[in-house]
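This report concerns only the one structure given below.
The values are calculated or read from the model by the stated rules, or taken from the named source; none is laboratory data. Predicted, not measured: the structure shown is a model, and the values here were computed from it. Ideal geometry is used to build each Cβ from the backbone, glycine not excepted, and the neighbour counts take in all protein chains shown. The area values use the complete protein model at the heavy-atom level, side chains included, leaving out ligands, DNA and RNA. Shrake-Rupley method; radii C 1.70, N 1.55, O 1.52, S 1.80 Å.
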Amino acid sequence: MTPQQARIVHLDDTSPNTRRGGDIRAVLTPTSVGATSGFMGLAIIQPGEQIAEHYHPYSEEFVYVVSGSLEVDLDGVSHSLRPDQGLLVPLDVRHRFRNVGTEEARMVFHLGPLAPRPEMGHVDTEETEHVQAGTMAPPDPAGART
């Protein structure tokens, strides 16, 4: 087995994932850098956009708001998130992120530990416009879910 190497990945080197709403970029993943304990990325959410409700049965999700005004619904209860605030989303908690401001919102996310298989890491609980319109993006090759 080859030792893990330090790797730098620029946001521009990632592909947008819009199938659940927003622009989700999986930056540091098992595929991109050989991560073994979790993965990290950036969600870019325009005013009025949302990331559809979902939950993670295997991983905790850590979120840090870099810019913009967000609301997160945790098991149906709404909470405000502002820049420089962090949030821990525990296992099995349904959550949805909504940009309620007038500017782009950016939040860093990290999930860990990794689910044994990508399909075990993320469970959708509502359809997005992309799914309803029949334009769902193909599966993320990195297996990253948020």
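Within the stretch 22-63, the set of residues being touching a Pro at 6+ places or on another chain (Cβ under 8 Å) and open to solvent by less than 10 Å² (accessible area, probe 1.4 Å) comprises Gly38, Ser59.
Residues in the stretch 51-92 that are closer than 24 Å to Leu114 by Cβ, part of a strand (DSSP E or B) and not aliphatic (A, V, I, L, M) were compared, and the one that is farthest from the chain's Cα centre (by Cα) is Gly86. Annotation for the stretch 96-114: at least one member residue is outside any strand (DSSP E or B), within 25 Å of Arg7 (Cβ to Cβ) and modelled with pLDDT under 95. When the stretch 1-41 is filtered for residues that are part of a loop (DSSP other than H, G, I, E, B) and basic (Lys, Arg), the ones remaining, listed by number, are Arg7, Arg19, Arg20.
For the stretch 116-146, residues that are surrounded by fewer than 18 Cβ atoms within 10 Å (Cβ to Cβ), at pLDDT 65 or above and over 13 Å from the mean Cα position of the chain (by Cα) total 8. Checked against (1) free of Cβ contacts under 8 Å to residues at least 60 places away in the same chain; (2) open to solvent by less than 60 Å² (accessible area, probe 1.4 Å); (3) in contact with a strand residue (DSSP E or B) (Cβ under 6 Å, 6 or more places away or on another chain), Asp92 passes all but condition (2).
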